[in-house]
1. Counting alpha carbon pairs within less than 8 Å and at least 6 residues apart, what relative contact order, in whole percent, applies to the chain?
2. If one takes the longest principal axis of the Cα atoms in the chain, at what angle in degrees, from 0 to 90 and to the nearest 10, does the Cα axis of helix 442-455 lie?
3. Going by a ≥ b ≥ c, the root eigenvalues of the Cα gyration tensor, does the range 382-460 fall in the rounded group (a/c under 1.5), the prolate group (a/b larger than b/c) or the oblate group?
4. Among 405, 147, which comes first, second and so on when ranked by fewest other beta-carbon atoms within 10 Å?
5. Taking the 0 to 90 degree range and rounding to the nearest ten, how far is the long axis of helix 255-267 tilted relative to the main principal axis of the chain, both from C-alpha atoms?
6. Size of the chain along its principal axes in angstrom, Cα-based, largest extent first?
7. Could you please state, rounded to a whole Å, how far the C-alpha centre of the range 9-59 is from the C-alpha centre of the range 133-211?
8. Could you please rank 6, 144, placing first whichever residue has the fewest other Cβ atoms within 10 Å of its Cβ?
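Computed from the coordinates by the stated procedures, all read-outs in this text should not be read as laboratory data. Predicted, not measured: the structure shown is a model, and the values here were computed from it. Note: ideal-geometry Cβ built from the backbone for every residue, glycine included; neighbour counts use all protein chains shown.
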Ligand code: SF4
Ligand code: SF4
């Protein structure tokens, strides 16, 4: 049931507008499903995989491919029907991807007895337990993530709250308006499901820059968020609305997954499509695509011209992972970005005016010019140096941390002091590393420290 809310405003003070070339147009093109579809495990550290298929097996849309060993009722389902043609493993023999060669005529597994559409009224009559079971059977539990480590939550837990951020500020991921166009009602059904799962403790945020969705969903939205990247990150949203320590273990879900949950509830069909973006300065025609889950990078870029020496990033430019054309996009990765791989060292960059160089200070002339989009590349502009205590990393942290102090504590193996300084609140946005003139890999250090803490069982 739609919740009536009085929208509050959050102003996130420390954010950064990343003016990068290659912003996807709002046009949406449909990419037909290719012959090969790849299914990757969720990119979380707490998923212990139990494989159900072997090479040569035939699967349908909705067949269980693998489950979690710890939470045995959490499954990943197949988004295609066909034959398992390859199972690839990565470092430490961890499963990388299951490749399915699609049938010409695909078939679906009937997963659930729920064959008719549920109205929001009917949804309000359904118990929480039966909704949880339905999402587990429908392979949609992996849509949820739990703070502070952003892993998959225990289905037996009741979350202190669930956060949904409609917009994503990171270059370049699907635009909230494009995502929800023609799907407002469906989103409302997804919100009704989440309200039930979260016992009414649901936070829904929208960017102030998205007035159309703000108006269309005004009865559902609890917060409008003001700020640039990463103001709409769910961790930033949580940080600026946190009223108790219990919320440190809140859950979140993307708006795209809210739609998938709603689609499952309405149709009882495992949702197999997703909206993604292809963007970045290395792409000739950046745009939105509607595609099958599990497309290869090669198939996503096949209709556009790519820069001669590309670096492919699965996900956003700031937080995504570097990959290759032969790899597949994970179900939780909603964009491919292409940068130019820079291998040449720039000759005496410090005597040049820097007209096209992104800067947070007045060191380059670009700071004095009207905002323009920059051809962001992979160049590091020199080698790493020691911390010069300039303090530049502090005014960009959206959750008010002191990155240089946390980094020093971690360097000195003082993890407790790093936690006291807020390490668990870090949203791994990458801004401190991006801004650091010494090019210290602050975010990577925080990420691996957080991962270590998760394994040793440190709670928030
Ligand atoms: S990555 Fe850096 S800037 Fe971003 S939240 Fe963490 S400490 Fe702050
Ligand atoms: S921006 Fe880099 S050099 Fe400056 S204080 Fe932070 S870590 Fe040190």
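1. On the way: 972 pairs, mean separation 88.9, N = 460.
Computed over the chain, the figure is 19 percent.
2. Rounded to the nearest ten degrees, it is 40.
3. Prolate, since a/c reaches 1.5 and a/b exceeds b/c.
4. Arranged by neighbour count, lowest to highest, 405, 147 become 405, 147.
5. 10 degrees
6. Cα extents, longest axis first: 69, 48, 45 Å.
7. Centre-to-centre distance over Cα atoms comes out at 15 Å.
8. The order, fewest Cβ neighbours first, is 6, 144.
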